[in-house]
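The values are calculated or read from the model by the stated rules, or taken from the named source; none is laboratory data. The structure presented is a predicted model; accordingly, all values stated were derived computationally and were not measured. Using ideal geometry, Cβ is built from the backbone for each residue, glycine included, and neighbour counts are taken over all protein chains shown. Remember, those area values only see protein heavy atoms, side chains included, never the ligands or the DNA or RNA. Shrake-Rupley method; radii C 1.70, N 1.55, O 1.52, S 1.80 Å.
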Amino acid sequence: MQKAALYARYSTDEQRATSLDDQLRRGKERAKSEGYVVPKALVFTDAAISGSEKGLGRREGYRALLAAIENRQCQAVIVTELSRLARDMSETLNFKKLIRRTGVRLLTIADGIDSNRKGWSLIIGFSGVMAEHVVEETRDRVIAGMLGQHGRGYQIAQAPFGYRAVNELDACGEFIGTHWKIDEGKATIVREIYAMRLQAMSYARIARALNDRGILPPRAPRKKGARPYWRPATI
């Protein structure tokens, strides 16, 4: 029996983690109706990552899907909609070229795209343009909202080391904005860093002193299980 690969993705600005389960469930239902089997090795996901160009490098599931298509490990690819694959027009076109070159069938549930039917390329073009437009529209809306919050005296960025974010709510418990408050525990460390710098200590020496004392840095290590430590650039 022919094999189908499934791909699901959600981004935190628009969906929740349960969206992956919903997308995969619909994909498996479509695969069954089309006569495909879906091996576990051909189920690919990316969680909390944007489909825009800037998120492309972090989408390990998407890159694995591309490799599976390139290596002809599947005869079809099923997604709920084209925007799950990409919201960037250039990447949408690259994916379309890959489908043309390999002959792997592309099926999208919501968009109604089927690369075995005539006109599928035109539908991808329209869908790609709309997906990219949504990204631009969302970005403009987010920027406008951030500027509005800043103008009202609220913070719009993550609280730096030495501060903590405090959300302000209205009488109904609805979120209004965020203020930064000094975190006295961490503020003490910040003051020590300034004091060491005033003594002409280098950034590397300050970092070493903090590491020797076992003081945790602002960010956790990227690799799971790795030991967190201060770097000169952190200082």
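Greater than 22 Å separation of Cα atoms is the criterion. Which listed pairs, Lys3/Lys96; Lys40/Lys96; Lys3/Lys40; Lys28/Lys97, meet it?
Long pairs (Cα-Cα over 22 Å): Lys40/Lys96; Lys28/Lys97.
What percent does the relative contact order of the chain come to when contacts are Cα pairs within less than 8 Å and at least six residues apart?
Answer for the chain is 13 percent.
Place the peptides 97-110, 163-176, 208-221, 73-86 in order of packing, highest mean first, counting for every residue the other Cβ atoms within 10 Å and averaging per peptide.
73-86, 97-110, 208-221, 163-176
If you work out log10 I(q)/I(0) by the Debye sum over Cα atoms at q = 0.07 Å⁻¹ from the coordinates, which of (1) -0.24; (2) -0.20; (3) -0.38 do you get?
Checked against the structure: label (3).
Could you pull out every residue, at least 5 positions away or on a different chain, whose amide H is within less than 5 Å of the one on Ala5? Hs are placed 1.01 Å off N in the peptide plane, and Pro or chain starts have none.
The list, which skips near neighbours in sequence, is Gln75, Ala76, Val77, Ile78.
Show the residues, 5+ positions off or on another chain, whose built amide H is closer than 5 Å to the amide H of Asp183.
When sequence neighbours closer than 5 places are left aside, the close amide H contacts are Tyr163, Arg164.
Whole number in Å², please: accessible area per residue of the chain, 1.4 Å probe, ligands, DNA and RNA not counted.
Per residue, the chain has an accessible area of 63 Å².
With the crude spin-label approximation of a point 7 Å out along Cα→Cβ, what separation in nm comes out for Gln2 versus Ala200?
Distance between label points: 7.6 nm.
Considering every pair of different Cα atoms, what Kirkwood radius, in Å, is found for segment 74-120?
10.7
Given the -39500 (n - 2.57) contribution per DSSP H run of 4+ residues, what per-residue ellipticity at 222 nm results for the chain, rounded to the nearest 500 deg cm²/dmol?
Result for the chain, helices only: -14500 deg cm²/dmol.
Give a residue-ordered list of calculated ³J(HN,Hα) values for segment 81-94 (Karplus: 6.51 cos²θ - 1.76 cosθ + 1.60, θ = phi - 60°; whole Hz; x for Gly, Pro).
Values per residue, Gly and Pro as x: 7, 4, 5, 5, 6, 6, 10, 10, 4, 5, 6, 4, 5, 4 Hz.
In segment 180-219, what percent of the accessible surface is made up of carbon and sulfur (1.4 Å probe, ligands and nucleic acids excluded)?
54
May I ask you to evaluate 6.51 cos²θ - 1.76 cosθ + 1.60, the Karplus curve with θ = phi - 60°, for each residue of segment 194-202 and list the ³J(HN,Hα) values in order in whole Hz, giving x for glycine and proline?
Those phi angles translate into 4, 5, 5, 5, 5, 8, 6, 6, 6 Hz.
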